[in-house]
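For reference, the structure is listed below as structure tokens.
The values are calculated or read from the model by the stated rules, or taken from the named source; none is laboratory data. Just so it is clear, the model here is predicted, and its values are computed rather than measured. With ideal geometry, Cβ positions are generated from the backbone for all residues, glycine too; neighbour counts draw on all protein chains shown.
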Amino acid sequence: MPKRPKVMLSSQDWAEAALNAIGDRGVEAVAVEPLARALGVTKGSFYWHFPNRDALLSAALQLWEARETDEVLARVAQETNPRARIKRLVTEVNTSRRASRVYLALSNATKPAFVRDYVERVSQRRLSFITDCYGALGLSAERARQWALQTYSVFLGSLQIRRDLPAEWPAADDPAFAEYVRFLMVSLVPPELDHIAAEPDVQANDRAHDNSNLSDYGTASADAR
């Protein structure tokens, strides 16, 4: 067993560093020596927590799924109105540029094979959640799935825009971001459900969330830059 390193890092510190590397340079950037240098420790710190690189990558993926799926969906599920849930989800997943970079890097990775397993599971969980939201609006299972696919496609397209045309994407604390979300919601609510948008209580909730989004999510844009 390796000696306990002088600088004590947790396994989550290493997983966090691995996620940062993935967001900056892709999955290939997860390597023990460069990460140890970046963290200011020796390789002994790594081997105290992980037997190999794949174990570290698995820990990073578990952290990514917990943070960007478990926690996000749990927060969004607090909304009692399904339309408000869709809007909050659209807002949250479009807030952090760092999270967008990590997702793109993972979705583009071809090896190791288990990375694809994580990406597919996360994507399916998100798609199922969105489908349930549309179903709760009164759509049939088939229609709910169709609209959920469209919404998820918009999300994937936004990732590409944020990477390829970053200057075109407003920061989370920019009023233009709230305006963009309102514009999206016009496109992401089926025409037969337009009456829901006109209900006073939903309108009030939308305005409240627009205001809270600028304060609650604004800090995320700083880490995203």
Q: Test Ser100 against the stated conditions and say whether it is touching a Lys or Arg at 6+ places or on another chain (Cβ under 6 Å), under 29 Å from Trp169 (Cβ atoms), touching a residue at least 24 places away in the same chain (Cβ under 8 Å) and small (Gly, Ala, Ser).
A: yes
Q. Quick one: how many residues across the range 8-23 are aliphatic (A, V, I, L, M), more than 26 Å from Asn108 (Cβ to Cβ) and either out of contact with any helix residue (DSSP H, G or I) (no Cβ under 6 Å at 6 or more places or on another chain) or in a helix (DSSP H, G or I) (or both)?
A. 1
**Q.** Subset of the range 191-211 that is among the hydrophobic types (A, V, I, L, M, F, W, C) and surrounded by 11 or more Cβ atoms within 10 Å (Cβ to Cβ) - its residue that is modelled with the highest pLDDT
**A.** Leu193
Q.
Are there helices (runs of 4 or more DSSP H) fully within the range 106-190 with at least 1 residues that are at pLDDT below 90? List them.
A. 141-164, 175-188
Q: Kindly provide the set of residues from the range 45-80 that are farther than 20 Å from Asn20 by Cα and not acidic (Asp, Glu), ordered by number.
A: Trp48, Pro51, Leu73, Ala74, Arg75, Val76, Ala77, Gln78, Thr80
Q | Qualifying positions in the range 34-80 - more than 30 Å from Ala136 (Cβ to Cβ), of a type outside the set (Gly, Ala, Ser), surrounded by 15 or more Cβ atoms within 10 Å (Cβ to Cβ) and free of Cβ contacts under 8 Å to residues at least 24 places away in the same chain | A | Leu35, Arg53
